[in-house]
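Asker: Take this structure, written in structure tokens, and hold onto it; I'll ask about it next.
The values are calculated or read from the model by the stated rules, or taken from the named source; none is laboratory data. Since this is a predicted model, take the numbers as computed values, not measurements. Here the Cβ positions follow ideal geometry from the backbone for every residue, glycine too, while neighbour counts run over all protein chains shown. Calculation scope for accessible area: heavy atoms of the full protein, side chains included, ligands and nucleic acids excluded. Shrake-Rupley method; radii C 1.70, N 1.55, O 1.52, S 1.80 Å.
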Amino acid sequence: MTRRIAAAVAVTVLSAAGVAAALTTTATAGPPTAPQEDGVIAAMARDFKITPDQARTRIDREAKAATTEQTLKAKLGTGYAGSWLNGDASEFTVAVTSQAQIQAVKDAGATPKVVKLSQIQLDTLKSKLDANKNAPKDVPAWYVDVQSNSVVVLARNTDSAKAFVQASGVNAADVRIEKSDENPRALIDVIGGNAYYMGGGGRCSVGFSVNGGFVTAGHCGKTGSSTTQPSGTFAGSTFPGRDYAWVRVNSGNTMRGLVNRYPGTVPVKGSTEAAVGASVCRSGSTTGWHCGTIQQKNTSVTYPEGTISGVTRTNACAEPGDSGGSWLSGDQAQGVTSGGSGNCSSGGTTYYQPVNPILQAYGLQLVIDGGGTPTTGPTTTTSNPGGGTSWQPGVQYAAGTTVTYSGVGYRCLQGHKSQTGWDPPVVPALWSRVG
């Protein structure tokens, strides 16, 4: 039994060489590699109700869309208004705010759609909701919905939602309130299965291996808390606000660039972020391996413990004990399980904390299968939190990067290439004051 659990843990963690605090850390760009493991294809065929060949075709389309998205985001600048794949991933749409940008989208092989609000404008509206620290318990989540070019607030009680929007200083006309029966909570309290265990009791799932340990969900343990199987200590943890942590394991444990797919393993080759509409599969110690699609990014969700921002919303299922577990799109790491509603019998909504902000927050790097350099998309400038380097225009900043501007510290909330006039105090959707 001990051997079986230890083996399962080994294949669900990732490790990495430490990343220096310099603001010039780079990674090799490139598209995600479509996996060939039968287990991944079989899981997608099961959960999407498609054939194995259709699953392989979908993965190829999603890899291409991820690369196209990154290219167009940089090229379109402030005119970019989001992008998404349709139901079967056969069409990739990119929204823009100007007729003049239509041709650039077509040239990249995507379908253009002209909309009113840019991604930055939508994120600015949402940031006002994020700034309200008194979200009612019956308002479970809110997010930017790029497909409808609007900010959506989910509510079990619409009157509470309206009051929340008004108190946040947001015009009601700029927000769409949707009735929802979601009741998200941190997935932490089920005992048993292949996992790691907290010294104070409870079980969570390993995310990805990093230098000396693994990343996981912040609600699983506080900084300094101990773990077993593998034995270690939470070296850093944030919850609520964000939901991420990393555990430094004791000597004798081996980190691998693999994820448990129940049964067998799948390789991890990098952490290129997948597009809205792309398929994602998650691994957890309670329910194993399940797949769904990315519904919305940069979502804020309210648990009983508080509001979590910057998570990704999906229609894949999960249950307590799956917390902290791995999310993959193809062979690219996407994030770690945070929480959600429903279960894997009737279905549900699950949120994951994107992995790249975790790596950037703690100066970590993925351990990938077979060694080499992880695939992470465009070259990105990063720094450790608190490190701080003066903000500059024309630089590609990653989410989690910290900079100084006029002597004040700011943290990047969303990856972007800076431009004159985008300085931190001017664009609160992209930068948050720290310190």
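Asker: Test Tyr244 against the criterion of being among the aromatic types (Phe, Trp, Tyr) and either in contact with a His (Cβ under 7 Å, 6 or more places away or on another chain) or open to solvent by 60 Å² or more (accessible area, probe 1.4 Å) (or both), and give yes or no.
Answerer: Working: among the aromatic types (Phe, Trp, Tyr): yes; either in contact with a His (Cβ under 7 Å, 6 or more places away or on another chain) or open to solvent by 60 Å² or more (accessible area, probe 1.4 Å) (or both): no.
When the stated conditions are applied, Tyr244 does not pass them.
Asker: Look through Ser148, Ser180 and report the one residue that is among the hydroxyl-bearing types (Ser, Thr, Tyr) and open to solvent by 30 Å² or more (accessible area, probe 1.4 Å). Even if it seems obvious, please write down each step before you answer.
Answerer: Details: Ser180 fails: open to solvent by 30 Å² or more (accessible area, probe 1.4 Å).
It is Ser148.
Asker: For a quick check of your reading: which strands (runs of 3 or more DSSP E) sit entirely within the stretch 94-209 and have at least 1 residues that are under 20 Å from Gly310 (Cα atoms)?
Answerer: On the way: elements: 111-114, 141-145, 150-155, 175-179, 196-198.
Fully inside the stretch 94-209 and qualifying: 141-145, 150-155, 175-179.
Asker: Would you check if there is a residue in the stretch 254-261 being of a type outside the set (A, V, I, L, M, F, W, C), open to solvent by less than 50 Å² (accessible area, probe 1.4 Å) and assigned to a strand (DSSP E or B)?
Answerer: Scanning the stretch 254-261, I find at least one residue that is of a type outside the set (A, V, I, L, M, F, W, C), open to solvent by less than 50 Å² (accessible area, probe 1.4 Å) and assigned to a strand (DSSP E or B), so the answer is yes.
Asker: Just the residues that are of a type in the set (Asp, Glu) and open to solvent by less than 10 Å² (accessible area, probe 1.4 Å), please, taken from the stretch 296-338. First the steps, then the outcome.
Answerer: The first filter runs over the stretch 296-338 and keeps only residues of a type in the set (Asp, Glu), leaving 305, 319, 322, 331.
The answer is Asp322, Asp331.
Asker: I would also like to ask the following. Do you know which of the residues in the stretch 120-137 that are farther than 23 Å from Tyr80 by Cβ and open to solvent by 40 Å² or more (accessible area, probe 1.4 Å) is modelled with the highest pLDDT? Spell out the reasoning first.
Answerer: At the first step, the residues of the stretch 120-137 found to be farther than 23 Å from Tyr80 by Cβ are 131-137.
Then drop every residue that is not open to solvent by 40 Å² or more (accessible area, probe 1.4 Å), which leaves 131, 133-134, 137.
Working: Ala131: 93, Lys133: 89, Asn134: 90, Lys137: 88.
Here the answer is Ala131.
Asker: Now for a separate question. Looking at the stretch 379-409, which of its residues are under 22 Å from Lys73 (Cα atoms), crowded, with 18+ Cβ neighbours inside 10 Å and at pLDDT below 70?
Answerer: Thr380, Thr381, Thr382, Ser383, listed by residue number.
Asker: Now a separate question. When you go through Ala167, Ala173 one by one, which is the residue that is open to solvent by 30 Å² or more (accessible area, probe 1.4 Å), at pLDDT below 90, farther than 23 Å from Val367 by Cβ and not polar (S, T, N, Q)?
Answerer: Values: Ala167 fails: at pLDDT below 90.
None of the other options fit; the residue is Ala173.
Asker: Take Ser341 and tell me if it is at negative phi, of a type in the set (Gly, Ala, Ser) and either in a strand (DSSP E or B) or open to solvent by 30 Å² or more (accessible area, probe 1.4 Å) (or both).
Answerer: Details: at negative phi: yes; of a type in the set (Gly, Ala, Ser): yes; either in a strand (DSSP E or B) or open to solvent by 30 Å² or more (accessible area, probe 1.4 Å) (or both): yes.
The answer is yes for Ser341.
Asker: Related question: Is it the case that Arg282 is in a strand (DSSP E or B), modelled with pLDDT under 95 and among the charged types (D, E, K, R)? Break it down into steps so the answer makes sense when it comes.
Answerer: Values: in a strand (DSSP E or B): yes; modelled with pLDDT under 95: yes; among the charged types (D, E, K, R): yes.
Yes, satisfied.
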